[in-house]
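The values are calculated or read from the model by the stated rules, or taken from the named source; none is laboratory data. Here the structure is a predicted model, which is why all the values come from computation and not from measurement. For neighbour counting, all protein chains shown are included, and Cβ atoms are generated from backbone atoms with ideal geometry for every residue, glycine included. Surface accessibility is based on the protein's heavy atoms, side chains included, excluding ligands, DNA and RNA. Shrake-Rupley method; radii C 1.70, N 1.55, O 1.52, S 1.80 Å.
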Amino acid sequence: EVQGGKLVIGGPNDESSILKTNTTSFQTKGYLNIKSSNLFFKFCQILKSYLPLLFTIGIFYILMLIFKLLKEDLTFSKSLSKKIKSLGLLLIIWQLTSFILCLIFNYYYSYVSFEKSNSLKGINLSVNPRIEFDATLFIIGMCLIVLNILLQKGTNIKQENDLTI
């Protein structure tokens, strides 16, 4: 908020959280909430906000199916390998989607301009969105796909063994 040519960050009643400066530039680390009238930007913000919840629900659902299948029969099966593959793909897709959204924010929306409607000049802030990519979840997803391949091989060996007996 601009008051009298000074940059004020914080609430009007909370003196401890107000930052006042007369300088034309400042640098801070933290979060900046941006609302935009651009529909593409709004869509990307909604995806960035709600996709982790949807992916988490999907992961718990697939884990529930895997544990239910393992509770019934603790052997190699094609359905088990398919569920593990889908879990791995879900983790990989989650991380790639998050990474792509961060790249979109970084490429298209790295500069945000704030303007006040009265005679005071606007404030221009350079916003550098951070790149979010959880390599651990990506690697776990890749490992689950490798586990899927091993389970498929185990299923084939089990079927051949059942036919020879």
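Among residues of the range 43-67 that are of a type in the set (G, A, S), those with a beta-carbon under 6 Å from a residue that is open to solvent by less than 50 Å² (accessible area, probe 1.4 Å) and in a helix (DSSP H, G or I) at least six positions away or on a different chain give the pairs G58/L90.
Table: residues versus (1) modelled with pLDDT of 80 or more; (2) touching a strand residue (DSSP E or B) at 6+ places or on another chain (Cβ under 9 Å); (3) exposed (fewer than 11 other Cβ atoms within 10 Å of the Cβ).
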site: L7; (1), (2), (3): no, yes, no
site: E15; (1), (2), (3): no, no, yes
site: F41; (1), (2), (3): no, no, no
site: L54; (1), (2), (3): yes, no, no
site: K68; (1), (2), (3): yes, no, yes
site: S81; (1), (2), (3): yes, no, no
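Can you work out which of the residues in the range 126-150 that are at pLDDT below 90 and open to solvent by less than 40 Å² (accessible area, probe 1.4 Å) is farthest from D73 (Cα to Cα)? For the range 126-150, the residue satisfying everything is V127.
If you go through the range 83-104 and keep only what is closer than 25 Å to E160 by Cβ and open to solvent by 30 Å² or more (accessible area, probe 1.4 Å), you end up with K83, K85.
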